[in-house]
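Notes for the one structure printed next.
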Amino acid sequence: MNRVVALMRADLAQPPPAGLEPLVERLRGHAGGALRAIVLYGSCRRSDDVHDGLVDLMAVVSDYRSVHGLGLSAAMNRLLPPNVYYAEAGPDDARLRSKYIVVSEDDFRRRTRGGLEPYFWARFTQPCRLVWAADDRAAATLAGCRARAAGHFARRARRLGAFRGTASSFWARAIGATYGCEIRPEPPGNAERLVARDPEFWDALSETLLPEVEGIEFTAADDVRVTAGAAHSMLGRTEWWIRAFTGKVMNVMRLIKAAGTFSNGLDYLAWKIE
């Protein structure tokens, strides 16, 4: 697992796209001294263009009370993390727009370690960038959490049933399964395109992680095999059906909660549902 942690640390350390400074200052102003790290993920990370839609950022904080106070926002973030916020920053002719989540270090550790819902462990197995960190311990914590998330993701992917193919196909199948846990539609082939965007990362993750996962036979970056009997396949399908149902319910709850934290939150909620 130490090799996986090192891989995640190296991935986080790659330079993010230029121009994020106004958003970083905006988030630092929101979270204050409780801010531990800011992480870039999502489509703008993949396109390397911070003006390409909404910039997805995660603000990792030491605790919710220091950020939200004693009100409902702190309680909702503890109950159903993360809270989602909208921010704009920068000059009018180069305006940056961001959708950012706020999560505590403790919640990030817990939610990337496992659990039924894939919101954290699937999303942050994927490549992302460390935009800002309070200290080296914050960066190390993120890398360790992502390594555990990847291990859990691979074990859950094994529960999808028998498989024989490339490492890229293995991860694309796993990511595609998590799309079924959300209410937003994804175009056909989107998981394959997502993996193809970062082939070196997924090949390196496969080489370091998959040989350690029980039930997965890995001989090379282009040869992954999962064997599964009838009982294993049936249990796996049931598990993923429950996960899909639970994930959709959680998505709806987060959208309702986001309506209270977004500027023009009701318009955002209607747009997401549409």
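The values are calculated or read from the model by the stated rules, or taken from the named source; none is laboratory data. The shown structure was predicted, so the numbers you read here are calculated from the model rather than taken from an experiment. Cβ sites come from the backbone with ideal geometry, for glycine too, and all protein chains shown count toward neighbours. For accessibility, only protein heavy atoms count, side chains too; no ligands or nucleic acids. Shrake-Rupley method; radii C 1.70, N 1.55, O 1.52, S 1.80 Å.
Does Thr227 count as hydroxyl-bearing (Ser, Thr, Tyr) and open to solvent by 70 Å² or more (accessible area, probe 1.4 Å)? Criteria met by Thr227.
Of the candidates Val61, Val50, Val55, Val39, the single residue that is more than 25 Å from Arg95 (Cα to Cα), of a type in the set (A, V, I, L, M, F, W, C) and in contact with a Leu (Cβ under 7 Å, 6 or more places away or on another chain) is Val61. Can you find a residue in segment 36-59 that is touching a residue at least 40 places away in the same chain (Cβ under 8 Å), assigned to a helix (DSSP H, G or I) and open to solvent by less than 30 Å² (accessible area, probe 1.4 Å)? Yes; the residues of segment 36-59 include at least one that is touching a residue at least 40 places away in the same chain (Cβ under 8 Å), assigned to a helix (DSSP H, G or I) and open to solvent by less than 30 Å² (accessible area, probe 1.4 Å). For Arg110, the requirement of being open to solvent by 30 Å² or more (accessible area, probe 1.4 Å), more than 28 Å from Arg193 (Cα to Cα) and under 14 Å from the mean Cα position of the chain (by Cα) is met.
Annotation: Ala13 fulfils all but one of (1) touching a strand residue (DSSP E or B) at 6+ places or on another chain (Cβ under 7 Å); (2) surrounded by 18 or more Cβ atoms within 10 Å (Cβ to Cβ); the unmet one is (2). What residue, of Ala134, Ala138, Ala154, Ala150, is open to solvent by 10 Å² or more (accessible area, probe 1.4 Å), among the aliphatic types (A, V, I, L, M) and touching a residue at least 60 places away in the same chain (Cβ under 8 Å)? After ruling out the rest, the residue left standing is Ala134.
Tally the residues that are open to solvent by less than 20 Å² (accessible area, probe 1.4 Å) and either modelled with pLDDT under 95 or under 16 Å from Ile242 (Cβ atoms) (or both), restricting the search to segment 166-176.
First pass over segment 166-176, keeping only residues open to solvent by less than 20 Å² (accessible area, probe 1.4 Å): 167, 170-172, 174-175.
Still in the running and either modelled with pLDDT under 95 or under 16 Å from Ile242 (Cβ atoms) (or both): 167.
Counting residues in segment 166-176 that are open to solvent by less than 20 Å² (accessible area, probe 1.4 Å) and either modelled with pLDDT under 95 or under 16 Å from Ile242 (Cβ atoms) (or both) gives 1.
When segment 85-113 is examined, which residues are found to be part of a helix (DSSP H, G or I) and among the hydroxyl-bearing types (Ser, Thr, Tyr)?
Taking segment 85-113 and keeping what is part of a helix (DSSP H, G or I), we get 92-94, 105-113.
Result: Thr112, single match.
For segment 76-93, how many residues are open to solvent by less than 40 Å² (accessible area, probe 1.4 Å) and of a type outside the set (Ser, Thr, Tyr)? Give the steps one after another, and end with the answer.
Applying the first criterion (open to solvent by less than 40 Å² (accessible area, probe 1.4 Å)) to segment 76-93 yields 77, 80-85, 87, 89-90.
Now narrow it down to the ones that are of a type outside the set (Ser, Thr, Tyr): 77, 80-84, 87, 89-90.
Result for segment 76-93: 9.
When segment 63-107 is limited to residues that are over 14 Å from the mean Cα position of the chain (by Cα) and among the aromatic types (Phe, Trp, Tyr), the one that is modelled with the highest pLDDT turns out to be Tyr64.
Would you confirm whether any residue within segment 255-263 is at pLDDT 85 or above, out of contact with any strand residue (DSSP E or B) (no Cβ under 8 Å at 6 or more places or on another chain), surrounded by fewer than 17 Cβ atoms within 10 Å (Cβ to Cβ) and hydrophobic (A, V, I, L, M, F, W, C)? The answer is no, given that none of the residues of segment 255-263 is at pLDDT 85 or above, out of contact with any strand residue (DSSP E or B) (no Cβ under 8 Å at 6 or more places or on another chain), surrounded by fewer than 17 Cβ atoms within 10 Å (Cβ to Cβ) and hydrophobic (A, V, I, L, M, F, W, C).
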